[in-house]
1. Restricted to segment B:175-196, and to residues that are within 14 Å of chain A (Cβ to nearest Cβ) and not in a loop (DSSP other than H, G, I, E, B), which residue is surrounded by the most Cβ atoms within 10 Å (Cβ to Cβ)?
2. Within segment A:39-96, take every residue that is assigned to a helix (DSSP H, G or I) and aromatic (F, W, Y) and give me the one that is surrounded by the most Cβ atoms within 10 Å (Cβ to Cβ).
3. Can you tell me which residues in segment B:210-245 are within 12 Å of chain A (Cβ to nearest Cβ), closer than 13 Å to B:G171 by Cβ and not in a helix (DSSP H, G or I)?
4. Considering only segment A:54-95, state which residues are touching a residue at least 40 places away in the same chain (Cβ under 8 Å), over 13 Å from A:C29 (Cβ atoms) and not aliphatic (A, V, I, L, M).
5. Filter segment B:63-78 for residues that are surrounded by fewer than 17 Cβ atoms within 10 Å (Cβ to Cβ) and facing another protein chain (nearest Cβ under 7 Å) and give the result.
6. So is B:A99 part of a helix (DSSP H, G or I), of a type in the set (A, V, I, L, M, F, W, C) and crowded, with 21+ Cβ neighbours inside 10 Å or not?
7. Within segment B:154-174, take every residue that is within 19 Å of B:L49 (Cβ to Cβ) and basic (K, R) and give me the one that is farthest from the other protein chains (Cβ to nearest Cβ).
Amino acid sequence: MQVSEREMAKSILRISGVDTKKCMKCGKCSGACPAFGSMDIHPHQFVSMVEEGNIGALLESKSLWNCLSCFACVERCPRNVEPARLIEAVRLIVIRRQGANHLKPEEIPGLLDADLPQQAIASAFRKYSK
Amino acid sequence: MRKCLKDGGRIRCGQHRIDDMEFCYYPGCTLKTKAKDLDTCARSAAQALGVTMTEVPDWQCCGAVYPMARDEIATRLASVRALRCAGERRQSLLTLCSACHHVIKRVNHDMHTDADIRAKVNNYMRPDTEYAGETRVVHYLEMLRDTVGFDELRKKVKAPLTGKKIAAYYGCLLLRPSAVMQLDDPENPTIMEDLIRSMGAQPVVYPYRNECCGGYITIENNAVVAEMCKNILDSAVEKGAEAIITACPLCLYNLKKNGKHALPVYYFTELLAQALEAGAVEGGTVRAG
């Protein structure tokens, strides 16, 4: 069933608990983001695009898989907007769909090396799969 | 609400005093497998310092990343089970892995401050008494600073690491978000540098010590991780570091893998056990000396 962008924006706000209206557009979140260079849509843009209900492009963004959950954007936001929670909520909107997991269990053996800690696999599964 | 009050100079938090030397300990998945050194050295060092670590029986993996979604409770249950176990023993929950500490501390904060999450988790788990975040979560570093004390630790050091220039790598998860983690100043932390000093070594302060190593992205995008680790390692080397210490198995993996072994990377507990000349403990051996 098709879900409108407006409905998805509502879900994102509900899942994240973020109030996008608090943002004063200073850009510190993107300035602090260590993954900025590998993102096509940056943290401050997530905030304004959710606010505008412009969700379609966010669902396709490679930034969903490059956010490191390092919480630099959360720590350095002067308005406590928590952009990382928004990115997480969009990622969940994607992977909670049937068959839309970004990482599949059968891919894991090929990604392992002798030293890879279990923590990496547990983290990646929590972030990339449902 | 958690009650903190002064009791003859001692601070009481919930049921557990800050100077109690007995802790309930949550090791986590990686400390039983790839990061055994982090765990065994912590146990032997604790023994040398008079601290008792009783492992949570039947603990479950914390999930390694904090569930930011406010509509999920399943991903919070493992943390709450461990927290309740410590609470029933009237002890603080001691953590060691940065990721476990981050997840459990933040889930505990949710249980304390978010009425909706608290109600759903308690409705699901049906405990005899509602759990509302009463247990104190203490990272091993905090235990060294606040319970043992770095001055006391210094007195117990038998093999000081004199002259060694050691860089502390904090990464993300111990420090941020500081409003919840409250471990140290998120931009200018000192707890690991103080530990390094108490072991007789010289701390090296460098700009990238609280920048991300790339974390779990390592599993599919090593180019991004390699660049971030290079920045961290170059920064530490430039400031004269001879070794780097961390509390996180994934940070250690990323730094080692991308550092081409130019700069040795250790768990902080490895150097601590060495400085204390703490011997082998049950379940593992310590490479002391």
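1. B:M181
2. Taking segment A:39-96 first, the residues assigned to a helix (DSSP H, G or I) are A:43-52, A:56-59, A:63-66, A:72-76, A:83-95.
Narrowing the set further to residues that are aromatic (F, W, Y) leaves A:46, A:65.
Numbers: A:F46: 31, A:W65: 19.
My answer is A:F46.
3. B:N210, B:E211, B:C212, B:C213, B:G214
4. Of everything in segment A:54-95, those that are touching a residue at least 40 places away in the same chain (Cβ under 8 Å), over 13 Å from A:C29 (Cβ atoms) and not aliphatic (A, V, I, L, M) turn out to be A:N54, A:G56, A:W65, A:S69, A:E88.
5. The answer is B:D71, and nothing else.
6. Details: part of a helix (DSSP H, G or I): yes; of a type in the set (A, V, I, L, M, F, W, C): yes; crowded, with 21+ Cβ neighbours inside 10 Å: yes.
Spelling it out, B:A99 is indeed part of a helix (DSSP H, G or I), of a type in the set (A, V, I, L, M, F, W, C) and crowded, with 21+ Cβ neighbours inside 10 Å.
7. First, pick out the residues of segment B:154-174 that are within 19 Å of B:L49 (Cβ to Cβ): B:154-161.
With the extra rule that they be basic (K, R), the set shrinks to B:154-156, B:158.
Working: B:R154: 31, B:K155: 34, B:K156: 30, B:K158: 31 Å.
Top of the filtered list is B:K155.
Each row is one residue, and each column tells you yes or no for (1) within 20 Å of A:C70 (Cα to Cα); (2) not hydrophobic (A, V, I, L, M, F, W, C).
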{"residue": "B:M199", "(1), (2)": "no, no"}
{"residue": "B:P203", "(1), (2)": "no, yes"}
{"residue": "B:C213", "(1), (2)": "yes, no"}
{"residue": "B:N221", "(1), (2)": "yes, yes"}
{"residue": "B:K230", "(1), (2)": "yes, yes"}
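The values are calculated or read from the model by the stated rules, or taken from the named source; none is laboratory data. Keep in mind the model is a prediction, meaning the values are calculated, not measured. FYI the Cβ positions are ideal-geometry reconstructions off the backbone, even for glycines, and counts take in every protein chain you see.
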